[in-house]
Amino acid sequence: MNIDILDNPTSNFFIKNYEKKSIPCLIKNYPMDWPLFKMPDYYIARKLNVGNFYRYLKRDSHYLLPDKDDVFYLKDYLITKSALRDSYTIPHYFADAPFQPDNWKWLYWGPPSSSSKIHIDTALSSAWNVVISGEKMWWFWFNNKTYHCIQREKEIVFTPGNVEHAVCNITSCLSLTHNYLRDAEQIKWVNHS
């Protein structure tokens, strides 16, 4: 079953109908003109200090095996500590969330079949993810059903904090993720942990 696809909704509509109800969704046609979209792979690799990683991404691979041990995935790379930290802006749906610590802002970059296994995000935080280049397959488990979607460049996937999910890159893929909290009690709990 596909998750809902929203066409550049208003913030109020998104928060009321998806974020507050803990329903994942894919947002299309949100205007993004980030410098990060215009940067070639070799430039990004140099800025991240990962050498020739971009060449590894171009290797011949015609498979989709998420558990393959020889697939390297650059994940949980803190963007706020990189030279790319000013190459994007937070989409307005999430910009006013009061708790978005720097250590919850990551880049993910990997070849086809690189993946994140089934999990719930840190401290039950919600997350948004934007694909910079490539495609991802997402699975979500909630309401006793399995939902899925394919995410492409400049599309946003919203993942609620209490929803199990997994992700696999269909193609070589670079994406950006921020986790965040809006709930004051959750923020207090995280700050005191």
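The values are calculated or read from the model by the stated rules, or taken from the named source; none is laboratory data. Here the structure is a predicted model, which is why all the values come from computation and not from measurement. Neighbour counts are summed over all protein chains in view; Cβ atoms, including those assigned to glycine, are modelled from backbone coordinates with ideal geometry. Note: areas computed on protein heavy atoms with side chains; ligands, DNA, RNA excluded. Shrake-Rupley method; radii C 1.70, N 1.55, O 1.52, S 1.80 Å.
Values for this structure:
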| quantity | calculated |
| --- | --- |
| 16 Å Cα-Cα reach of K105 towards lysines, excluding residues that sit fewer than 8 places from it in its own chain | K75, K81 |
| Gyration tensor (alpha-carbon) shape descriptor, region 98-159, a/c threshold 1.5 | oblate |
| Accessible area (Å², 1.4 Å probe, nearest 10) - R55 | 140 |
| Ranking by accessible area, most exposed first, for R46, R152 with a 1.4 Å probe | R46, R152 |
| Heavy atoms of D4 accessible to a 1.4 Å probe, total area in Å² rounded to 10 | 70 |
| Cα pair distances of the chain binned at 5 Å [whole percent] | 1, 7, 16, 21, 21, 17, 10, 5, 1, 0 |
| Accessible area of region 38-180 belonging to carbon and sulfur atoms, whole % at 1.4 Å probe | 50 |
| Two-site FRET efficiency, K38 against I120, from Cβ-Cβ distance with R₀ of 25 Å, rounded to 0.05 | 0.15 |
| Lys/Arg +1, Asp/Glu -1 at C-beta; the chain dipole; positive extreme among H119, N17, V157 | V157 |
| Where the chain is the region considered: accessible area per residue in Å², 1.4 Å probe | 52 |
| Estimated inter-spin distance, K81 and M1, nm [label 7 Å along Cα→Cβ] | 4.1 |
| Accessible area, probe 1.4 Å, largest first, for residues W139, W106, W189 | W189, W139, W106 |
| Extension gain from K58 to I90, taking 0.36 nm per residue of separation minus the Cα-Cα distance | 8.6 nm |
| Contour excess over end-to-end distance, with Cα ends at N191 and Y30 and 0.36 nm allotted per residue | 54.8 nm |
| Within region 1-148: Cβ-based charge dipole about Cα centre, in debye rounded to nearest 20 (Lys, Arg +1; Asp, Glu -1) | 140 |
| Nitroxide proxy distance, nm - points 7 Å out along Cα→Cβ at W139 and D183 | 2.6 |
